[in-house]
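What follows is one structure encoded as structure tokens, with my remarks underneath.
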Amino acid sequence: MRKAVMCLGLLMCVATAAQDKPKGSGAAKPMAKKTGGEGGQMAMPMAKPSPEMEKLGKMLVGTWSTSEKHEPSPWAPKGATGKGMAVIKKGPGGLSLVEDYKSSSGMGAFAGHGVVWWDAKAGGYKSVWCDSMTPVGCEPAKGVAKWEGNSLVGTDESEMMGQKMAMKETWSDITPDSFTFAMDGGPPGGAMKRMMTIKYTRAGAPKTEAKKP
């Protein structure tokens, strides 16, 4: 019994000494916590806009007044003209462009919203368009848009009045103060006809005077 008491007392002394021992170089150090954001969480690297989006943004970002010309069609037998306004801005992180469009023509009021972005795997620009005349609300383009010289040309497929249509969209005559958007359509594999032309002019851009002969 006496030996047991002495052993117990010795163990208590050793434990007390260990607790009172100052922390030195040999003491275990807590693992350093890597922090990069709020709450000690690692910050995710920010994606950077591709050169293709930088190029397109420099050309199209801004506020534009528009002039529309609609060719004769089943919904506008004599054709129509219209005027509107478009605002094109960079999407989150500059990784896309977003357009909000409103106009009024002989076919009535129109509102549209579109997003375009660069898809490296597809090798071109992809897009989705929503407007007040599309029965399903929004339609993602089935094709991509690519540069052909100084013009951006996109291909797509759509359905109008129950018939499939091959579509071609072209952004051309691009200058710092204006550009032209044209839409052509026709039966798949057949000849295409011009359906619509929209002239974009940067709001506040100086008007060019006609040269005198």
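The values are calculated or read from the model by the stated rules, or taken from the named source; none is laboratory data. It should be emphasised that the depicted structure is a prediction, and the values quoted were computed from it without experimental measurement. As a convention, Cβ positions derive from the backbone with ideal geometry for all residues, glycine included, and neighbour counts pool all protein chains shown.
Cβ-Cβ below 6 Å, separation at least six or inter-chain, first residue in region 119-138 and within 17 Å of residue 160 (Cβ to Cβ), second of a type in the set (A, V, I, L, M): which pairs?
132/111; 138/128
Yes/no per residue for (1) of a type in the set (A, V, I, L, M, F, W, C); (2) buried (at least 16 other Cβ atoms within 10 Å of the Cβ):
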site	(1), (2)
78	no, no
87	yes, no
91	no, no
125	no, yes
128	yes, no
139	no, yes
149	no, no
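Are any residues in region 87-107 touching a Gly at 6+ places or on another chain (Cβ under 9 Å) and not hydroxyl-bearing (Ser, Thr, Tyr), and if so, which ones?
87, 88, 89, 90, 94, 97, 98, 99, 100, 102, 106, 107 - these are the residues of region 87-107 that are touching a Gly at 6+ places or on another chain (Cβ under 9 Å) and not hydroxyl-bearing (Ser, Thr, Tyr).
Scan region 64-88 for residues that are assigned to a loop (DSSP other than H, G, I, E, B) and hydroxyl-bearing (Ser, Thr, Tyr) and jot them down.
Correct list: empty.
Please verify whether residue 195 is part of a strand (DSSP E or B), modelled with pLDDT under 90 and surrounded by 15 or more Cβ atoms within 10 Å (Cβ to Cβ), treating the condition exactly as stated.
No.
If I filter region 93-123 down to residues being touching a helix residue (DSSP H, G or I) at 6+ places or on another chain (Cβ under 8 Å) and not in a strand (DSSP E or B), which single residue comes out as surrounded by the most Cβ atoms within 10 Å (Cβ to Cβ)?
Top of the filtered list is 94.
Report whether or not residue 96 is hydroxyl-bearing (Ser, Thr, Tyr) and closer than 14 Å to residue 49 by Cα.
Values: hydroxyl-bearing (Ser, Thr, Tyr): yes; closer than 14 Å to residue 49 by Cα: yes.
So residue 96 passes the test.
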